[in-house]
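K.L.:
Sharing a structure with you now.
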Amino acid sequence: MRISLLKIALAVSLVFNLSVLGAAGYFHYSKNNYWVSPLGGMMPKDKFLFEELSLSPDQKKKMREGAMTCRAEIDGKRQHIEAKRKYLFNLMRADKPDYQAIEAVVSEISGMREEMEWMVTTRILEVKTSLEKDQQQKFLDLVENAVSKGRQSGCPSAMQNQ
């Protein structure tokens, strides 16, 4: 009787442990398949807006390469902004906050966000010039729609360059 109770407890423990490991693995795997846009949205790493256009294989290859580069740059800037935000909150936690320091950090964050906007805008225009006339209109419609729906990847050029 004692052995069968021990076997049941062992089986329950094994099932529980495997469930925990499976859940942890799933969350780790799904997290690594996404990247965070500058707007804080999650996007699949291998999904690009340009895939909805009728592109030649050569155009797709060039767009994918440009998109990956752009995403890496944007992600680096986003991480830098997040670090500045953490610093900003540390400044605000002080008993007597230094308003000049807070204003300087807020100004830095604004400047970095402006740089990202210019990067994205420049990339969109670069991609637009590499497309044919009908593709340009479709591309801009896709980007505008993505931005208005909040699913922008933060790097429309990446969407275009793939």
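The values are calculated or read from the model by the stated rules, or taken from the named source; none is laboratory data. Bear in mind that the values here come from a model prediction, so they are computed numbers and not experimental data. Every residue, glycine among them, receives a Cβ derived from its backbone with ideal geometry; neighbour counts consider all protein chains shown. Note: areas computed on protein heavy atoms with side chains; ligands, DNA, RNA excluded. Shrake-Rupley method; radii C 1.70, N 1.55, O 1.52, S 1.80 Å.
K.L.:
Considering only protein heavy atoms, what is the solvent-accessible area of GLU51 at a probe of 1.4 Å, reported in Å² to the nearest 10?
P.N.:
Looks like 70 Å² after rounding.
K.L.:
Taking Rh as the Kirkwood radius computed over C-alpha pairs, what is the Stokes-Einstein D of region 45-136 at 37 °C in a medium of viscosity 0.692 mPa s, expressed in µm² per second?
P.N.:
Roughly 209 µm²/s, to the nearest whole number.
K.L.:
Follow-up question, since we're still on this one. For region 13-24, take each phi angle, set θ = phi - 60°, evaluate the Karplus expression 6.51 cos²θ - 1.76 cosθ + 1.60, and give the result in whole Hz per residue in order, putting x for glycine and proline.
P.N.:
4, 4, 4, 4, 4, 5, 5, 5, 4, x, 5, 4
K.L.:
Return the FRET efficiency for the residue pair ALA94, GLU126: r is the Cβ-Cβ distance, R0 is 35 Å, and the value is rounded to the nearest 0.05.
P.N.:
So, using R0 = 35 Å, E works out to roughly 0.20.
K.L.:
Could you order LEU6, LEU91, LEU140 by accessible surface area, starting with the largest, using a probe radius of 1.4 Å?
P.N.:
Sorted descending by solvent-accessible area, the residues read LEU6, LEU140, LEU91.
K.L.:
Could you compute the net charge surrounding ARG85? Neighbours are other residues with a C-beta less than 12 Å from the C-beta of ARG85; K and R count +1, D and E count -1.
P.N.:
Net charge around ARG85: +2.
K.L.:
What spacing in nm lies between the two simple spin-label points modelled at PHE16 and GLU114, each 7 Å away from Cα in the Cβ direction?
P.N.:
5.7 nm
K.L.:
May I pose another question? Tell me, what is the 1.4 Å probe accessible area of VAL12, in Å² to the nearest 10?
P.N.:
Number for this one is 90 Å².
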